[in-house]
Amino acid sequence: MKELHDEPDGVYLISLNQKYRPIQVLESDSFKIFGKVIGKCKGAEIPGFH
């Protein structure tokens, strides 16, 4: 999952997983946004998840 951040020095996609660096979005880039995050949980909290 990534969040779209509009910063003074540019627009960035910021990953919620800190292992990944931000991605700067340029005017020449094109992408689509699919879905909306409505919550989060850990796999152990989901019955039957392994």
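The values are calculated or read from the model by the stated rules, or taken from the named source; none is laboratory data. Small disclaimer: the values here were computed from a predicted structure and weren't measured. No Cβ is skipped: glycine too gets one built from the backbone with ideal geometry, and neighbour counts run over all protein chains shown. These area figures cover heavy atoms from the full protein model, side chains too; ligands, DNA and RNA do not enter into them. Shrake-Rupley method; radii C 1.70, N 1.55, O 1.52, S 1.80 Å.
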Q: Scan 10, 39 and give me the residue that is at pLDDT below 85, open to solvent by less than 100 Å² (accessible area, probe 1.4 Å) and either aliphatic (A, V, I, L, M) or out of contact with any helix residue (DSSP H, G or I) (no Cβ under 7 Å at 6 or more places or on another chain) (or both).
A: 39
Q: Return the pairs, sorted by first residue and then second, in which the second residue is open to solvent by less than 70 Å² (accessible area, probe 1.4 Å) and in a strand (DSSP E or B), the first residue lies in region 1-24 and is under 16 Å from residue 40 (Cβ atoms), the beta carbons are less than 8 Å apart, and the residues are 6+ apart or on different chains.
A: 1/15; 2/13; 2/14; 2/15; 3/13; 3/14; 14/5
Q | Enumeration of residues in region 13-36 that are touching a Ser or Thr at 6+ places or on another chain (Cβ under 9 Å) and open to solvent by 100 Å² or more (accessible area, probe 1.4 Å) | A | 21
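Out of the strands (runs of 3 or more DSSP E) lying entirely within the chain, which hold 3 or more residues that are under 11 Å from the mean Cα position of the chain (by Cα)?
Details: elements: 2-7, 10-15, 23-25.
Result: 2-7, 10-15.
Which count do you get for residues in region 19-32 that are within 11 Å of residue 1 (Cα to Cα) and of a type outside the set (Phe, Trp, Tyr)?
Within region 19-32, residues that are within 11 Å of residue 1 (Cα to Cα) and of a type outside the set (Phe, Trp, Tyr) number 0.
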